[in-house]
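The values are calculated or read from the model by the stated rules, or taken from the named source; none is laboratory data. Everything quoted here is computed from the prediction, not taken from an experiment. When we count neighbours, we look across all protein chains shown, and the Cβ atoms used for this are built from the backbone with ideal geometry, even at glycine. Accessible surface is based on the protein model in full, side chains and every heavy atom, while ligands, DNA and RNA are left aside. Shrake-Rupley method; radii C 1.70, N 1.55, O 1.52, S 1.80 Å.
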Amino acid sequence: MSGNGQSDALVSIGTFFMPAGTRFTQHTHRTHQLAWASRGTLTVDVASRRWVLPTTRALWIPSGVPHEVVSAGRTTMTSLYLPMSPPADPGQWGTVRPTRVTPLLAELIGYLDDPDLGPECRAHGEAVLLDLLRPVTATALEAPLPTDPRARQVAGELLDDPACALAVEAWGRRVGTSGRTLARLFLADTGMSFGRWRTLVRLQAALPALAAGEPLHRVSRGVGYGTVSAFVAAFRRETGTTPGAYFGARR
């Protein structure tokens, strides 16, 4: 870990170099945290929800909220610790929120991480940073985990192997229930159909490979799509943009 070491800083910044498979087990912070992968991709679990975040997204985590952080590949996590919420949209910062990381915001974070930055310049930079933070209304490929043990077992196996093509009926038989019942459990526990939940898990699994620049045909096949066009269509449907545009702001 490295940090800016500024005792007079309003925003403290820590940099964590995370080899593949690094896990920061569940913990909390006394201040608010903005967790961002300045390189690679971060996975953040909060309660029964999971966010997979490329370099163009960060996650606002209010103080006191338990969370766990994992790196699928080599990742640099840059964490900002703030005692106050951003002034924009004040009613939206009381819960975990994804935020957009624009090139300007990324450069500003690097600017504030300079230990030789003077107090006046730092104060101006921090004010601009707080002003730039905006919650993202679009999903960050969030796939809530079901609570029912049968659905949870299926979810766990799909997280381990998102390319698995078993239909919901086959999954139901695997956990001792009908496909219809399993579908109802997913809808009740996650607020979405089994099919959409599996799509989000597949797209989550694809993000580290996309962030590493792997070819689309290899990525799509690796998460269970027969064609690149089917993968891109699913990605656009869930994020509102293409994989290239999703990562483009930082490339």
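Observations, loosely collected:
- Computed E for A188/A233 - FRET, C-beta separation, R0 35 angstrom, nearest 0.05: 0.80
- Rolling a 1.4 Å probe over the heavy atoms of the protein chains gives the chain an accessible area of 46 Å² per residue.
- In this Cβ point-charge picture (+1 for Lys and Arg, -1 for Asp and Glu), region 1-110 has a dipole of about 300 debye about its Cα centre.
- Model label sites at A127 and A47, defined 7 Å from Cα along the beta-carbon direction, differ in position by 3.6 nm.
- Our coupling estimate for region 48-64, obtained by passing each phi through the Karplus curve with A = 6.51, B = -1.76, C = 1.60 and θ = phi - 60°, is 9, 10, 10, 10, 10, 10, x, 5, 8, 10, 10, 10, 7, 10, x, 4, x Hz, Gly and Pro reported as x.
- Each residue, T102 and R30, gets one label point 7 Å from its Cα in the Cβ direction; the gap between the two is 3.4 nm.
- Near-label residues of region 68-104 by backbone N, under 18 Å of a point 7 Å along Cα→Cβ of L159: 68-73
- Extension gain for the segment A167 to T147, taken as residue separation times 0.36 nm less the Cα-Cα distance, is 5.2 nm to one decimal.
- Mean-position separation - Cα centroids, region 104-123 and region 179-251, in angstrom: 36 Å
- Modelled FRET efficiency - R0 35 Å, D114 with T241, Cβ distances, 0.05 increments: 0.60
- As a calculated quantity, the FRET efficiency between R39 and V65 at R0 = 25 Å, using C-beta atoms, amounts to about 0.50.
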